[in-house]
Amino acid sequence: MGISYKKLIEIQNRQITEMSRMTPDNVQLYNQISTIARQAPADEKTQEEWILAAGKAIVQAQKDNKSARELYGSDLEEDIYTQLGVGSADTYAQSGASTGEGSNRENRSGSVPQSDDQSDTPEPVKRMPKWYVMIAWAAISVVLFIQGCAGLFFGLTDGDTEAFEHISLFSLIISAVGGIALVEMLRRLAERPDDQGTDKHVMPKVNVRSIIIYIVIVVLVLFVGYPLRDKLPTFYMAPWVSAVIGIVGLALIRPIFGQKKQA
């Protein structure tokens, strides 16, 4: 018996809802029994509906302060196959080995076949110090470019350019730290669980803790550095010089921080 894609998504979303109510240990058990159930020789509708019912049973056992593991026999796989009404797990494993049906079901349930060549498997991107230096470099270059362009504009319109002829060390520090904080917040907001190979139906989780840490860092720099603003050096810089430095800084980002091509 088949199942429509819309119905499948609906059932899996309800599974996720039940899983969100579980303790970490029960989540681990639920993931285990879900994997076993999806490998069983039953139709997809039966599998997913049983997994949903199992999730509800685990949540209820949790509310009753009972061990969810006690809902199943000593042989977890055999018990799940029996509840699904498909007979012995050992019998299916033997027939699946001869016909290849077992491997097909594993692929449909999301298991990834093992391969000797793991070179195509993406690894999590590591943020090296060079990454943060590049962000700070770009942020400062943008600030200088904007200040220079604003100064040139006011100069051409006979406006007061004094405010755009000086740049303080405090402003450069804030630009660098603020740029890093902004980029990291946006990167973490954009992260999805499927980036690490997780179920695509799982809603993305925002790493609120990391975002708060970056905001706190910026606030600390502001509060600690602001009283030192007048004590930190201030540099005179003509608007055109500021604009040129900004342009050169942005132009050098790729040559300096870009990855070198391997021969």
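Annotations
- With all protein chains modelled, accessible area of Arg21 [1.4 Å, Å²]: 130
- Estimated vicinal HN-Hα couplings, Hz - segment 17-26 in sequence order (Karplus 6.51, -1.76, 1.60; Gly, Pro = x): 4, 5, 5, 5, 8, 8, 6, x, 5, 6
- Accessible area (Å², 1.4 Å probe, nearest 10) - Trp131: 70
- Backbone phi angles across segment 46-51, fed through the Karplus curve with coefficients 6.51, -1.76 and 1.60 (θ = phi - 60°), yield HN-Hα couplings of 4, 4, 5, 5, 5, 4 Hz in residue order; Gly and Pro are listed as x.
- Derived scalar couplings ³J(HN,Hα) [segment 232-242; Karplus, 6.51 cos²θ - 1.76 cosθ + 1.60; whole Hz; x for Gly, Pro]: 7, x, 10, 10, 7, 8, 4, x, 5, 5, 4
- Solvent-accessible ranking of Met134, Met22, largest area first, probe 1.4 Å: Met134, Met22
- Cut-off under 5 Å, modelled amide H: who pairs with Ser168 long-range: Phe235
- Rounded accessible area of Asp25 (nearest 10 Å², 1.4 Å probe): 110
The values are calculated or read from the model by the stated rules, or taken from the named source; none is laboratory data. Remember, it's a predicted structure, so these values are computed and weren't measured experimentally. Heavy atoms of the whole protein, side chains included, go into the accessibility calculation; ligands, DNA and RNA do not. Shrake-Rupley method; radii C 1.70, N 1.55, O 1.52, S 1.80 Å.
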